[in-house]
Amino acid sequence: MPDDRIDRVRLSLAFLPLAAPAGGKAPAGHRPPLTEVAFLFAELGTVDGGSGLGFSHAMHAGGPALYAHAKELAPRLLGEDPNDIGRVWEKLVSSAASAGRAGLATQAVAAVDVALWDLKARRANLPLAKLLGAYRRAVPCFHTPSGLPTTPLPEVVDSAQRALARGVGGIKVTVGQPDVAADLERLRVVRDRLGDGVPLMVDANQQWDRATALRVGRVLERLNLVWLEEPLDVHDVDGHAALAGALDTPVGAGELLTSVDEHGRLMAAGGCDHVQPDAPRVGGITPFLRIMALADQHGLGLVTHFAPELHVHLAAAYPRTAWVEHVDWLEPLFEERLEIRAGRLVVPDRPGLGLTLSAQAATWTTDRLEFTETA
Ligand SMILES: [Mg+2]
């Protein structure tokens, strides 16, 4: 067998500015509105000239820490066989075990893991979805008009209508104001303006306690929601299980969980009907695939969080109901654009993830470092 090994690792840290502040949790005062997202990029090269591009992200805090952790681990990748993705993932995570097997430590590894999958699919000359085994060529997608539950209602309706005109297949409305009645009125108007035929989701961003979630959830039953997202603190597994059991409306949760273990506990308890993992946040595609397998075993729907450029490939490879969250934030980072058609995001037919870093991404890059075998 020919020698196949990683001989180059390039890391970079970039801060993507947002066109408008976002952040559904702002009213609780936990953190200010989001104005930028940090990205750790990993670009891998092999002795035969192969290459892969991966990324991880951090919101509000954590970008510099991702970059620092990845810098420590990068030399351990040199000389590794890029085909053995699971083993390389275990090596990187295990060699930094004192930093834990969830959160920042594995999110730094995620950028490398995504790059390894991109490399493998590029070499196979297949889109990542096809390498994994796709069930569909396009995945239903929904749009969130605003991350703030206090955005003026006309703006929300206008943004939703523009997204629907662009072709998205559903609209998710952010709630979680201190005055529940204001949330309910907001939803009534949105449903009224968009009509009964538009798939509608509601995201409470963990703003409710158990009693409020049950009471509001019961009122929301008549809106025929596709799902009610993050009604409670996501670590309240028992609360989620009780709520999911009490409501006919499907419950979605999981975007803030950071490992297979955390997702596994939520699913095993019956805490959600749709699981909502984010691949970079759970440590990469390798752990994401394990979450998909568990979700399939539990008969759940899959709703991906953020980064549709990556998640469209993963959701296409899920055997059951799948939705991709459509956010256009990442668009300026890459040369390519996703296509929306008839309510669905089309899986790109380019090899790998099908992504190339843009010249603009370089202007937002604050740090970069390259490691080579000969260095
Ligand atoms: Mg959400």
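The values are calculated or read from the model by the stated rules, or taken from the named source; none is laboratory data. All values reported here derive from a predicted model rather than from experimental measurement. Cβ placement follows ideal geometry from the backbone for every residue including glycine, while neighbour counts extend to all protein chains displayed. We work out accessible area using only protein heavy atoms, side chains counted, and drop any ligands, DNA or RNA first. Shrake-Rupley method; radii C 1.70, N 1.55, O 1.52, S 1.80 Å.
Values for this structure:
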quantity: Segment 309-358: GluC sites (Glu not before Pro) in DSSP loop, at most 14 other beta carbons within 10 Å; calculated: Glu335, Glu336, Glu339
quantity: Listed residue (Ala61, Leu11, Ser159) projecting farthest to the positive dipole end of the chain, Cβ model; calculated: Ser159
quantity: Solvent-accessible area of Phe55 with every protein chain in place, 1.4 Å probe, in Å² to the nearest 10; calculated: 0
quantity: Label-reachable residues, segment 109-148, where backbone N falls under 20 Å from a point 7 Å from Leu369's Cα toward its Cβ; calculated: 109-116
quantity: Point-charge dipole on Cβ atoms (K/R +1, D/E -1) for the chain, about Cα centre, debye to 20; calculated: 500
quantity: Relative contact order %, segment 132-213, counting alpha carbon pairs below 8 Å whose residues are six or more apart; calculated: 31
quantity: Total charge dipole magnitude, segment 1-152, about the Cα centre, Cβ charges on Lys, Arg, Asp, Glu only, Debye to nearest 20; calculated: 440
quantity: Rounded percent of accessible protein surface that carbon and sulfur make up, the chain, 1.4 Å probe; calculated: 50
quantity: Pairs of alpha carbons in segment 77-185 whose separation is greater than 22 Å (percent); calculated: 60
quantity: Å² per residue, accessible surface of segment 129-346 at 1.4 Å; calculated: 38
quantity: Three-way shape label, segment 129-346, alpha-carbon gyration tensor, a/c 1.5; calculated: oblate
quantity: Lys, Arg +1 and Asp, Glu -1 on Cβ, resulting dipole of segment 233-302 about Cα centre, debye, nearest 20; calculated: 240
quantity: Placed amide H near Met201: partners under 5 Å, 5+ positions off or other chain; calculated: Ile171, Lys172, Val173, Val226
